[in-house]
Amino acid sequence: MDKSCLQYSLTEEERRTFDETGYLILKNILSEDQVAELTKEVDAIYEEKLNLGHDPKKAMFHPNFIPDHKLFLDLVDYEKVLPKVWGILGWNIYLYHCHMIVTPPTGLEKHDRTFAWHQDSGRMNREMESHPRPRVSLKVAYFLSDISEAGRGNFYIVPNSHLKDDDIIIPDGEGQPEGAIPVRVKPGTAVFFDRRLWHAASPNWSDITRKVLFYGYGYRWVRTKDDMTVSDLWDASSPIRKQLLGAGKNADSYYTPTDADVPLRTWLQEHAPELAKW
């Protein structure tokens, strides 16, 4: 990894925004060319799924897409994003979860029935004894479609809800929680969000197909959420990318890592020692 990536380190303002609101929106993280190239590969996968019988009126949820193309792999340690991820979570991290979502127009009338509001990580929210719940992980969503207007299958969030646990009130049947907003962004935008942030997908009532890539980063002792098949990519990867793809010498190395298990820490000790202390 080139030390020039440090120019994209998490700023104090970005840290404050993320800590206080639970999310961070960064425009133009992907160039127009990157968006076009990634969209081409997403479209190819979507077309294949349709040919295999996927319902064209339903959203396509496609996990474990990293091995599908080098473009997806290159975003795992993307220089404009990874420094912000380690700025929030630290160095003992890896990609524990990823999914691609393509949301076509529903063809249905717009309604205000409540969406499927949730915090990520399922049982973690019931079984970890703390308040507020621990952060543990975050996601970076790369938007490839123009969802700058509501009604396009937007990602909905409740800002500042990441510390509220079950205090959020979700209506039964109609409407959305108080404070809920659609995330409205242009192609090439990256949205970082804390796993605890209450969020939901929404129907696509427009004539635009929404396409987005989600990269989930967590601590190395967190189990993968998908059947990740990225170990075949380890041998051809740089040491830091290999860490991010889940490599470790044995089971205990995910809890008590050596320098060999976490080359990101060694790299930070050399280039940004203030981030490698803990």
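The values are calculated or read from the model by the stated rules, or taken from the named source; none is laboratory data. Please read all numbers here as calculations on a predicted model, not as lab measurements. FYI the Cβ positions are ideal-geometry reconstructions off the backbone, even for glycines, and counts take in every protein chain you see. We work out accessible area using only protein heavy atoms, side chains counted, and drop any ligands, DNA or RNA first. Shrake-Rupley method; radii C 1.70, N 1.55, O 1.52, S 1.80 Å.
With R₀ set to 30 Å, the beta-carbon distance separating Asp43 from Leu6 gives a calculated FRET efficiency near 0.30. Seen through its C-alpha gyration tensor, with square-root eigenvalues sorted a ≥ b ≥ c, the stretch 123-263 comes out oblate because a/c lies at 1.5 or above while a/b is not bigger than b/c. Accessible surface calculations at 1.4 Å, restricted to protein heavy atoms, place the chain at 49 Å² per residue. Only protein heavy atoms count here; under a 1.4 Å probe, Phe115 has an accessible surface of about 20 Å².
So if the hydrodynamic radius of the stretch 109-156 is defined as the Kirkwood radius over C-alpha pairs, what does Stokes-Einstein give as its diffusion coefficient at 25 °C and 0.890 mPa s, in µm² per second? Result for D is 175 µm²/s. Across all directions, the average projected area of the convex hull around the alpha carbons of the stretch 1-99 is 8.1 nm². Across the stretch 165-181, rounded Karplus estimates of 3J(HN,Hα) from the backbone phi angles (6.51 cos²θ - 1.76 cosθ + 1.60, θ = phi - 60°) give 6, 8, 6, 6, 9, 9, x, 9, x, 10, x, 10, x, 4, x, 5, 9 Hz, Gly and Pro being marked x. Among the GluC sites (Glu not before Pro) within the stretch 6-38, not one is in coil by DSSP while having at most 11 neighbouring Cβ atoms inside 10 Å.
Applying 1/(1 + (r/R0)^6) with r as the Cβ-Cβ distance of Leu163 and Trp221 and R0 = 22 angstrom yields a FRET efficiency of 0.45. Each semi-axis of the equivalent ellipsoid for the chain is √(5λ) with λ an eigenvalue of the Cα gyration tensor; in descending order they amount to 30, 23, 18 Å.
Could you work out the longest stretch of the chain that avoids the trypsin sites (Lys or Arg not before Pro) located in DSSP loops with at most 14 other Cβ atoms within 10 Å? With trypsin sites (Lys or Arg not before Pro) excluded where exposed in loops, the chain gives 124-222 as its longest stretch.
Its Cα centre serving as origin, the chain has a Cβ charge dipole (Lys and Arg +1, Asp and Glu -1) of approximately 220 debye.
In the assembled protein chains, Ile147 presents an accessible area of approximately 0 Å² (probe radius 1.4 Å).
Each label was represented as a point 7 Å from its Cα along the Cα-to-Cβ direction; for Lys27 and Glu129 these points are 4.8 nm apart.
For GluC sites (Glu not before Pro), the sites in the stretch 106-164 that DSSP calls loop and that have at most 12 other Cβ atoms within 10 Å are Glu109, Glu129, Glu149.
Averaging the sequence gap over all C-alpha pairs within less than 8 Å and six or more residues apart, then dividing by the number of residues, gives the chain a relative contact order of 28 percent. The modelled label-to-label distance between Leu71 and Glu109, using points 7 Å beyond Cα along the C-beta direction, is 3.9 nm. Amide H contacts for Arg210 (H built 1.01 Å from N in the peptide plane; partners 5 or more residues away or on another chain; cut-off under 5 Å): Thr103.
Run the paramagnetic zone check for Glu270: 7 angstrom along Cα to Cβ, then residues of the stretch 1-21 with backbone nitrogen under 18 Å. Residues 1-7 qualify, since their backbone N sits under 18 Å from the label point.
Simple spin-label estimate for Leu52 and Tyr255 gives 3.7 nm between the two label positions (7 Å along the Cα-to-Cβ direction from each Cα).
Under conditions of 25 °C and 0.890 mPa s, the stretch 73-153 yields 151 µm² s⁻¹ as its translational diffusion coefficient, taking Rh as the Kirkwood radius over Cα pairs in the Stokes-Einstein equation. Rounded to two decimals, the Cα-based Rg/Rh of the stretch 26-170, with Kirkwood Rh, is 0.97. Of the residues Ile240, Ile169, Ile25, the one with the largest accessible area comes first in the ranking Ile169, Ile25, Ile240, computed with a 1.4 Å probe on protein heavy atoms.
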